[in-house]
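First the structure, in the form of structure tokens, and then the observations on it.
Every read-out reported here was derived from the displayed coordinates using simple, explicitly stated rules and does not represent laboratory data. Just so we're clear, the structure is a prediction, and the values are computed from it rather than from any experiment. Methodologically, a virtual Cβ is constructed for each residue, glycine included, from the backbone with ideal geometry; neighbour enumeration extends over all protein chains shown.
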Amino acid sequence: MELGQHAGFIVAAYVAALIVLALLVVWVIVDHRMQRQAIAKLEAQGITRRSARPGVEDVG
Amino acid sequence: MAFYELANPHRFMTLARCLTPACAVAAVVLLAVGFVLGFRAPADYQQGETVRIMYIHVPAAWLGLGIYTLMAISALGTLVWRHPLADVAAKAAAPIGAGFTLICLLTGALWGRPMWGAYWVWDARLTSMLVLFLLYLGILALWRAIEEPGQAGRAVAILTLVGFINVPIVKFSVDWWNTLHQPASVFRIDGPTIHPAILAPLLVTTLGFAALFVALHLAAMRNEILRRRVRTLRLLAAAEAR
């Protein structure tokens, strides 16, 4: 479709929004992996939490 | 499920794990439908094709304000009711609120240049929105400055409540001062002044961005609960090492 003489501004606005939202999504995913890895590392050292005892489902 | 039952982080984690993908899918579908409708809608009689920027700018502005309001309610939850998840909710919401406010400012500048001839003017609406963004950054900095989560939560809750005074200022700035920014055109006593062909896609993209916020917020809250679990385990490890 034709976006007229201001197409550059319209496209730039959508690209800017997409970049900010993509950064938020990446932050959430990377942060989740980091926390899970940190917990796994600590648990491998024998440091466990109550919910990690046998018979308790892990919901993290 | 009663509100107080969500005070159990284990129960919240189970619920969040189910709701997050559902909200993410809803966000993708709603945003896709909203943008298709938005780009098929007629151009504005005055602003021409640049009105397409509204489908991201306006929802981002509403969410920037709405997320701050949610954080203020969470601040009350921290200080008054001492809800265990209140400061988790506030901390997880802050970067997302900052992101939507930044989108509002960036897209507003890109809309302002062709319409007003300037990317930025020190207009009451623009300035109060910039203050909202700076408040978000201040809150994020305060979270990082205090190591103990409970102490940080209380300090941030006070700052959030003090900063909430800016939310009605943003909303009513276009009524209280003579601004270059246009007055409210959707939430008005006499009804929206936008043509339904343009209003409908705006409402659909708003729902889409709101669903995206819920998905990101639930995921970020889960991460914050995990971060606190890591902290507890590290303290346990340090205690055992003595």
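Label 7 Å along Cα→Cβ of B:A239; region B:133-158 residues with amide nitrogen under 20 Å?
Counting only backbone N, you get B:147-152.
Given H placed on each backbone N at 1.01 Å, which residues far from B:L180 in sequence or on other chains put an amide H within less than 5 Å of it?
Answer set, sorted by chain and number: B:A124.
Give me P(r) over region B:126-242, computed from all C-alpha to C-alpha distances, binned every 10 Å, as integer percentages.
10, 24, 31, 19, 10, 4, 2
Tell me, what are the semi-axes, in whole angstrom and largest first, of the equivalent ellipsoid of chain B as set by the roots of 5 times the Cα gyration tensor eigenvalues? Before the final figure, lay out the partial values.
On the way: eigenvalues 267, 90, 45 Å².
Taking √(5λ) for each eigenvalue gives 37, 21, 15 Å, largest first.
Quickly rank B:191-197, B:169-175 as a protection proxy: mean count of other C-beta atoms within 10 Å, highest first.
Values: B:191-197: 12.1, B:169-175: 17.0.
Going from most to least packed, we get B:169-175, B:191-197.
Let me know the mean shielding of A:15-26 by other chains, meaning the per-residue number of their Cβ atoms within 10 Å of its Cβ.
6
Which distance in nm do the two modelled labels at A:I19 and A:M34 give, with both placed 7 Å along the Cα-to-Cβ direction?
With each label point 7 Å from Cα toward Cβ, the separation is 2.2 nm.
Treat every Asp and Glu Cβ in chain B as -1 and every Lys and Arg Cβ as +1, leave all other atoms uncharged, and give the resulting dipole magnitude about the Cα centre to the nearest 20 debye. Please list the in-between numbers first.
Details: 19 positive and 11 negative charges, 155 e Å.
Here the size comes out at about 740 debye.
Separation of region B:156-214 and region B:215-229 by C-alpha centroid, Å?
Spelled out, the Cα-based centre of one part sits 27 Å from the other.
Principal axis lengths of region B:31-118 from Cα atoms, whole Å, largest first?
On the principal axes, region B:31-118 reaches 51, 31, 17 Å in Cα extent.
Once the Cα atoms of helix B:54-76 and of chain B are each reduced to a long axis, what angle between those two axes, in degrees from 0 to 90 to the nearest 10, is obtained?
In chain B, helix B:54-76 runs at an angle near 30 degrees to the longest axis.
Working from the alpha-carbon coordinates of the protein assembly as shown, get Rg over Rh, Rh being the Kirkwood radius.
Details: Rg = 21.4 Å, Rh = 20.9 Å.
Here the Rg-to-Rh quotient is 1.02.
With axes computed from alpha carbons, what is the tilt in degrees of helix B:149-163 against the longest principal axis of chain B, rounded to the nearest 10 within 0 to 90?
For helix B:149-163, the angle is close to 30 degrees.
Roughly how tilted is helix B:124-145, in degrees to the nearest 10 and between 0 and 90, from the longest Cα axis of chain B?
20
In peptide B:221-230, what is the residue-averaged number of other protein chain Cβ atoms found within 10 Å of each Cβ?
Details: counts 0, 6, 11, 2, 3, 8, 5, 1, 8, 8.
Per residue, the average neighbour count from other chains is 5.
What does the charge dipole of the protein assembly as shown about its Cα centre add up to, to the nearest 20 debye, if the Cβ of each Lys and Arg holds +1 and the Cβ of each Asp and Glu holds -1? Walk me through the intermediate numbers first.
Details: 25 positive and 16 negative charges, 226 e Å.
Charge dipole, the protein assembly as shown, about its Cα centre: 1080 debye, nearest 20.
³J(HN,Hα) across region B:215-231 via Karplus (A = 6.51, B = -1.76, C = 1.60, θ = phi - 60°), whole Hz, x for Gly/Pro?
Once rounded to whole Hz, the list reads 4, 5, 5, 4, 5, 5, 5, 4, 4, 5, 5, 5, 4, 6, 5, 4, 4.
Inside 10 Å of the C-beta atoms of B:106-112, what's the mean count of C-beta atoms belonging to other chains? Spell out each step's value before the answer.
Working: counts 7, 8, 1, 4, 11, 4, 1.
The mean count of partner-chain Cβ atoms within 10 Å per residue comes to 5.
How far apart, in nm, are two points set 7 Å out from the Cα along the Cα-to-Cβ line at B:Q46 and at B:I165?
3.3
Counting pairs of alpha carbon atoms under 8 Å apart in space and at least six apart in sequence, what relative contact order in percent does region B:115-236 give?
23
For region B:83-90, take each phi angle, set θ = phi - 60°, evaluate the Karplus expression 6.51 cos²θ - 1.76 cosθ + 1.60, and give the result in whole Hz per residue in order, putting x for glycine and proline.
Rounded to whole hertz, the list is 5, x, 9, 5, 6, 5, 4, 5.
Just going by the charge dipole of chain B, with Lys and Arg at +1 and Asp and Glu at -1 on Cβ, which of B:G99, B:N8, B:H181 is farthest out on the positive end?
Of B:G99, B:N8, B:H181, it is B:N8.
Given the C-alpha centroids of region B:91-141 and region A:1-20, what is the distance between them in whole angstrom?
18
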